[in-house]
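Worksheet: the structure to be examined is printed underneath.
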């Protein structure tokens with residue numbers, strides 16, 4: 001009897017938890033996700049504070065030829081580049097660009113992909129066929145080649161880089177949203193909404209989309225990591241953020257000329273990209289496990 005009583009009390013406590021609190025409880029148990037969240041918060045804090053603590057014209061892009069190509073020291077912990085600029089300051093300030101490009105490009109893909117995916121999944125028929133075949137056609141083109149083509153056609157700028165990386169991520173969001181919508185559109189609460197006379201857009205916005213958010217949130221987190229890599233790759237090829245903006249991929253490209261004698265010029269920007277992508281992937285994996293109802297305990 002005592003054991004049954006404890007089980008009833010435990011079930012009541014579980015029922016009282018909000019969905020967000022339950023997801024956070026499961027996420028906290030994942031040490032990898034907590035490590036990723038901590039690293040991501042540190043990187044975001046550095047990106048925000050660098051805008052207030054550093055002088056862009058002097059500390060970030062200001063040149064000092066007398067201190068060029070100095071190895072890491074107490075004065076310059078990560079060394080200086082070929083024009084005497086402090087590498088650590090440039091990496092800290094570059095976090096603003098790399099993170100903002102990654103997030104903005106995924107937001108572009110999120111809006112377009114989720115809209116098309118939910119329309120295809122909800123209405124089905126010819127509308128679904130057209131949208132999904134177009135999505136497959138875009139997905140069949142290698143993402144880096146499509147991004148290069150878009151930037152080459154539109155010109156080199158930060159916005160065009162965001163647009164190019166965002167367009168290559170649209171098919172992933174279309175597929176995930178389409179699959180999630182197919183499992184939701186015939187549920188009882190959706191049928192009840194139709195019987196109550198709600199309009200189609202109201203059903204989609206207030207009943208279908210909220211129940212498709214779990215896979216979309218996970219995909220968004222993981223795609224930000226991929227977007228940062230794609231943006232850095234384009235900058236490395238000279239098609240990304242114009243110089244002298246301190247974007248991590250551009251810093252890698254500039255440092256490769258001196259890689260034999262001054263390997264730190266490529267090592268530290270590469271580590272910044274690696275740590276950021278690792279943090280996002282760890283957090284994304286943790287969110288996937290926390291949002292999966294099969295793993296509730």
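Taken together, the values in this text are just the output of simple stated rules run on the coordinates, not laboratory data. Keep in mind that what you see is a predicted model, and the values were worked out from it rather than measured.
log10 I(q)/I(0), Debye, Cα-only segment 35-295, no solvent, q = 0.14 Å⁻¹?
-0.96
To the nearest 10 degrees, how steep is helix 213-236 against the longest Cα principal axis of the chain, on a 0 to 90 scale?
Relative to the chain, helix 213-236 is tipped by roughly 20 degrees.
Extension gain residue 137-residue 217, at 0.36 nm per residue separation less the Cα-Cα distance, in nm?
That works out to 26.4 nm of additional length.
So what is the calculated 222 nm ellipticity per residue for the chain, using -39500 (n - 2.57) for each DSSP H run with n of 4 or more, over all residues, to the nearest 500 deg cm²/dmol? Could the numbers behind the result be given before it?
Details: 12 runs with 211 residues, N = 297.
That calculation yields -24000 deg cm²/dmol at 222 nm.
So what is the orientation-averaged projected area of segment 115-164, using the convex hull of its C-alpha atoms, in nm²?
Value for segment 115-164: 4.0 nm².
Averaging sequence separations of C-alpha pairs under 8 Å and six or more residues apart, then dividing by the length of the chain, give the relative contact order as a whole percent.
That works out to 25 percent.
For helix 31-53, report the angle its Cα long axis makes with the longest principal axis of the Cα atoms of the chain; keep it between 0 and 90° and round to the nearest 10°.
On a 0 to 90 degree scale, this one is about 50.
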